[in-house]
Amino acid sequence: MLWALGVASAQAISLQPLGVFDQPTFVTSDPANPDRLFVVERRGAIKLAEDGGVGTFIDLSPVVNCCTGEQGLISMAPAPDFATTGRFYVNYTDNAGNIRVDELTATGDLADPLSRRSVLDIPHPGSDNHYGGQLQFGPDGYLYVSTGDGGGVNDPFHNAQDPDRQLGKILRIDPRPSGLSNYTVPPDNPFAGGPADDDTIWNLGLRNPFRFSFDRFSGGMAIGDVGQNAREEIDWAPSTAPGVVGGGGANYGWSCREGLLAGLGDDPACIGRTAADFTDPVFDYPHSDPGSGAAFGCSVIGGYVVRDSGLGSLYGRYVYTDFCAGDIRSLQLPATAGGAAGNDRSEGLKVSGPVSFGEDSCGRLYVLLLGGGIFRLTGLPTPGCPLPQATGPAGQRLHVGIKAERRRVRRGKPALIVAWISPCEGQRGKAVRLLRGGRPNGSKFLSRACTVRSHPRVRHRTMFTAQLVPSESDPLTAESRRLTIKIDHRRRR
C-alpha cells in the first residue's frame, strides 16, 4: 500500500492513522457512541473497531457480488434508534449484479445474517459500474439511497432522466414495511402518488452519486457526482428549515449536462431543453490540470461539511477529494439555493487513492484509501464530543460532554466520570443527572466551570450518559453520548 501524507495545513490539520483494512469502502459509527466505528469492507464484511480492538460485526460475503468493476458491499447506515433496536441497513451488489438495500439487526457487538430482510431490489443489467451506493438517514428521519445511472458511456440506457426508473437518482424512503411493500413511501416525496413517476425518487439527473452527505447542523444535502470525460461536480441543496431536506424534485442534468457543460448523450429527454431546465452544480472542475493550484482529477469523492471544532478554519466548510489527484480540498457552500460555492482551496494534505470519506456521530471525519488505510482528520484537541443537542429559546445549541479518567477499572472500584455543558453561559448551577445503563444514578449541580464529577463503583461493563435535568422554569434538556466503562481483568503483580 502506498500513500503520501502532505504537510499539515495552516490550521494544523493532519491525518491520524487508525488501521489497515481489506478494501474498505465506508466508515460510520454507532449513532449513540462515536467510539464504536463500523468499517465496511468491499468483499462483504463489516468490522467493528472499538477501544483499539477490531472484530467482525457481520460477514455478508455469501450474498455480496465482489469484486468485478465497482461491485461489492458499498455502505451501511445504522438506524437513528440503533441503540435500542439494533437495526441497520446495507447497500451492496447481489450475485445477480443488482443493487440491494437490506435491513439487519444487531445485538451488542454482533449482527445476525439470518435477520436480513430485503428493503429495495433495483435491477442493474448490462454494466458492472455506476451503482452509487450511499445510504444516509436524513435529518427528517428518512433513509436516502443513491444509485448510479446503470453504467456505460453517456447513459446509454437513458436512466438518469427517466422518472419511472430508480437509477441515476437519490431515493427517499421509510425503510419500515407498509402493507405488502418492504418499505413506506413518505407522503411528501416529490413524485409520490403520480400516475407514472417512481414515488421513491427524491431527485434525479445524476451519473454516479457515489457519496453524498448531510450537514449535521444545517441539514443541507451535498452530493459528489462522478463525471465522465470532462467535469466532476458537487451539488448542494440547502435546508429550508430544521428537519427539512432541500432539493426535492431537483434535476441535476445528466446526461443532458456534465457539470456546467452540455452533455454528449442522445437521451430524447434532452431534446429542446436548455441549461435553465436543470439545477446547476455549485462547483465543478476539469480533468486536466488548469494550474494555479486549482482543483482537477478524474473522479470526485464527495465528503462532508466540517462540524469538528478541532479542525479550526475548516469548520463549516465542505471537504472533498478526487480519486486520481488525491488532494484533500475544501470550499464554502452557498447559504441559499441557486448560489455558487466559493474559496475552493487545497488543505495541504495529499493521499493515494482515496475511495471515501466517513463521519462518526461526534462529527469527526475519516478518509479511506484504496490500499486499505483509514485516517482521521485531526487538528486542535477539543473537550469531548460536540454532539448536536437541544436548542434553547434564543437559538442556543447545548452540548453535554462526558469523559472518564480511565475507560477500564478494577472490579468494584470507582470510576472518575466528568460531565460538562457547553456553552456554559446561563447553565451554571443547573442539575445534571448521571444515567447508569439508562437509569438515574444521582444528580449534581454544575460548578462555575459548568462541570460535575462523579465516582460510581463499577462491577461489570457499564454504559453511562449525562443528562441536563429540565425544570418547570427551564424545560431545556440535552444528553451526552454513551460512555462505556469496562472491567480491567489484568492480573496485578
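The values are calculated or read from the model by the stated rules, or taken from the named source; none is laboratory data. Owing to the predicted nature of the structure, the values given are computational and were not obtained by experimental measurement. Here the Cβ positions follow ideal geometry from the backbone for every residue, glycine too, while neighbour counts run over all protein chains shown. The accessibility values were calculated without ligands, DNA or RNA, using every heavy atom of the protein model including side chains. Shrake-Rupley method; radii C 1.70, N 1.55, O 1.52, S 1.80 Å.
What do you reckon, how do H130, H455 stack up by accessible area (1.4 Å probe), largest on top? Mind dumping the intermediate values first?
Working: H130 10, H455 115 Å².
Heavy-atom accessible area, descending, gives H455, H130.
Residue by residue through segment 461-470, which ³J(HN,Hα) values in whole Hz follow from phi under the Karplus form 6.51 cos²θ - 1.76 cosθ + 1.60 (θ = phi - 60°), with glycine and proline marked x?
Taking θ as phi minus 60°, the curve returns 3, 9, 9, 10, 9, 10, 9, 6, 7, x Hz for segment 461-470.
Given the -39500 (n - 2.57) contribution per DSSP H run of 4+ residues, what per-residue ellipticity at 222 nm results for the chain, rounded to the nearest 500 deg cm²/dmol? Before the final figure, lay out each step's value.
Values: 1 runs with 4 residues, N = 493.
It lands at 0 deg cm²/dmol.
Not counting ligands, DNA or RNA, and with a 1.4 Å probe, what is S288's accessible surface area in Å² rounded to the nearest 10?
Rounded to the nearest 10, that gives 80 Å².
For a quick check of understanding: with a 1.4 angstrom probe and all protein chains in place, what accessible area in square angstrom does V409 have, to the nearest ten?
Probe radius 1.4 Å; accessible area of V409 about 10 Å².
Are there chymotrypsin sites (Phe, Trp or Tyr not before Pro) in segment 85-123 that DSSP marks as loop and that have at most 12 other Cβ atoms within 10 Å, and which are they? Walk me through the numbers before you get to the answer.
Numbers: sites: F88, Y89, Y92; in loops: none.
Listed in order of number, the matching sites amount to none.
So how exposed is C324, as accessible area in Å² (1.4 Å probe, rounded to 10)?
For C324, solvent-accessible area is about 80 Å².
Students often forget the sequence filter, so: which lysines lie under 22 Å Cα-Cα from K47 once same-chain residues fewer than 8 apart are removed?
Partners found: K486.
Residue by residue through segment 449-458, which ³J(HN,Hα) values in whole Hz follow from phi under the Karplus form 6.51 cos²θ - 1.76 cosθ + 1.60 (θ = phi - 60°), with glycine and proline marked x?
So the Karplus estimates, Gly and Pro as x, are 8, 6, 10, 9, 10, 10, 10, x, 7, 10 Hz.
List the relative contact order of segment 83-126 as a percent without decimals, with contacts defined as Cα pairs under 8 Å and 6+ residues apart.
On the way: 75 pairs, mean separation 15.7, N = 44.
Relative contact order, segment 83-126: 36 percent.
Would you mind checking which residues have amide H under 5 Å from T184's amide H? H placed 1.01 Å from N; only 5 or more apart, or other chain.
Those lying under 5 Å, H to H, from T184 are D174, R176.
Can you sort T93, T105 by 1.4 Å-probe accessible area, starting with the largest?
On the way: T93 0, T105 50 Å².
The residues order as T105, T93, largest area first.
Using a cut-off of 15 Å between beta-carbons, work out the net charge of the residues near A337 (Lys and Arg +1, Asp and Glu -1, A337 not included). Show your work: numbers first, answer last.
Working: positive: none; negative: D215, D235, D280.
Neighbour charge sum, excluding A337 itself: -3.
The list (1) 20, 52, 24, 4, 0; (2) 23, 55, 20, 1, 0; (3) 19, 41, 25, 12, 3, 1, 0 gives values of P(r) over Cα pairs in 20 Å bins from 0, in percent, and only one came from this structure; which label was calculated from it?
Step by step, P(r) over Cα pairs in 20 Å bins from 0, in percent for this structure corresponds to label (2).
Taking the simple approach of a point 7 Å from Cα along Cα-to-Cβ for both S115 and H460, what is their distance in nm?
Going from the S115 label point to the H460 one covers 2.0 nm.
Ordering C66, C450 by how much accessible area each has at a 1.4 Å probe, largest first, what is the list?
Working: C66 45, C450 0 Å².
Descending order: C66, C450.
Give the carbon-plus-sulfur fraction of the accessible surface of the chain in %, rounded to a whole number; probe 1.4 Å, heavy atoms of protein chains only.
Working: 10740 of 20480 Å².
Answer for the chain: carbon and sulfur cover 52 percent of the accessible area.
Among the trypsin sites (Lys or Arg not before Pro) within segment 192-227, which fall in a DSSP loop and have no more than 14 other Cβ atoms within 10 Å of their own Cβ? Walk me through the intermediate numbers first.
On the way: sites: R207, R211, R216; in loops: R207, R216.
Passing sites in segment 192-227 do not exist.
Return the distance in nm (one decimal) between the two label points of a simple spin-label model at R406 and L380, each offset 7 Å from Cα along Cα→Cβ.
Here the modelled spin labels are 3.2 nm apart.
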